1. Report, by residue number, each residue of region 31-76 that is polar (S, T, N, Q) and within 12 Å of the chain's Cα centre (by Cα).
2. Would region 82-92 turn up any residue that is among the β-branched types (Val, Ile, Thr), in a loop (DSSP other than H, G, I, E, B) and closer than 21 Å to residue 111 by Cβ?
3. In region 110-150, what residues are of a type in the set (Ser, Thr, Tyr) and either modelled with pLDDT of 80 or more or out of contact with any strand residue (DSSP E or B) (no Cβ under 8 Å at 6 or more places or on another chain) (or both)?
4. Could you please tell me which pairs satisfy a Cβ distance under 6 Å, a separation of 6+ or placement on different chains, a first residue in region 42-68 that is touching a residue at least 40 places away in the same chain (Cβ under 8 Å) and part of a loop (DSSP other than H, G, I, E, B), and a second residue that is surrounded by fewer than 22 Cβ atoms within 10 Å (Cβ to Cβ) and of a type in the set (Gly, Ala, Ser)?
5. Take the conditions within 27 Å of residue 140 (Cα to Cα) and touching a His at 6+ places or on another chain (Cβ under 6 Å) and apply them to residue 99. Does it pass?
6. Let me spell it out: the conditions are (1) surrounded by fewer than 19 Cβ atoms within 10 Å (Cβ to Cβ); (2) under 30 Å from residue 169 (Cβ atoms), and residue 85 meets all of them except one. Which number is the exception?
7. Just one of 76, 66 is modelled with pLDDT of 80 or more, over 22 Å from residue 7 (Cα atoms) and surrounded by fewer than 20 Cβ atoms within 10 Å (Cβ to Cβ); which is it?
Amino acid sequence: MALREALEIAEEDIRINKAIGKNGARLLEDGDSVLTHCNAGRLACVGWGTALGVVRSAVAAGKRIHVYASETRPLHQGSRLTAWELTQDEFRNLICDSMSGSLMRKGKIDKLLWEQIASPETSSQQDRNYNHAVFGKYHKIPFYVAAPLSTFDRINAEEDIIVEERDPEEICTLQGLRLAPSGHCRLQPGL
């Protein structure tokens with residue numbers, strides 16, 4: 001019973017993500033360079049992906065798409081998960097999170113493609129998307145969200161978004177290796 005339900009949920013997720021991919025692929029032009037953030041592929045979803053599903057659908061339709069995946073600090077979902085997925089699909093561009101503005105300024109990114117939205121008024125996958133969104137707006141780069149309705153949170157104002165606060169040690173260590181002095185790894189009041 002539980003296995004059958006799980007398989008039905010997985011099949012539904014694939015159908016939804018392929019529909020998102022097909023619709024989103026129409027927004028990508030042949031030769032576009034797309035920036036993604038975090039993991040929105042088949043590792044985060046089942047079999048196809050949301051934001052990466054849009055890229056896969058565009059490529060399946062014969063479009064040449066270039067993908068920049070940002071590393072997504074502090075847990076590096078972009079460099080650990082998305083980069084691996086993109087390598088499987090023969091894409092190979094991983095960038096530091098802080099490089100996106102420079103690439104946008106140089107005209108190397110045509111579209112921003114994300115997978116989460118908080119409400120129609122606020123697009124948020126925690127605060128780490130903010131810089132990418134501001135750079136994109138400044139450089140007049142379209143920002144698209146590829147997400148199923150199940151990920152929409154009905155939030156009326158940005159201050160209602162609950163931002164996950166993680167252990168500060170995550171940016172001061174990597175797999176047990178200290179990257180910064182321990183006195184610098186603490187939450188700052190008001191941040």
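1. Hits for region 31-76 are 36, 39, 50, 70, 72.
2. The answer is no, given that none of the residues of region 82-92 is among the β-branched types (Val, Ile, Thr), in a loop (DSSP other than H, G, I, E, B) and closer than 21 Å to residue 111 by Cβ.
3. 119, 122, 124, 130, 138, 144, 150
4. 50/147
5. The answer is no for residue 99.
6. Checking residue 85 against (1) surrounded by fewer than 19 Cβ atoms within 10 Å (Cβ to Cβ); (2) under 30 Å from residue 169 (Cβ atoms), the one that fails is (1).
7. 66
The values are calculated or read from the model by the stated rules, or taken from the named source; none is laboratory data. The shown structure was predicted, so the numbers you read here are calculated from the model rather than taken from an experiment. We place every Cβ from the backbone using ideal geometry, glycine too, and count neighbours over all the protein chains shown.
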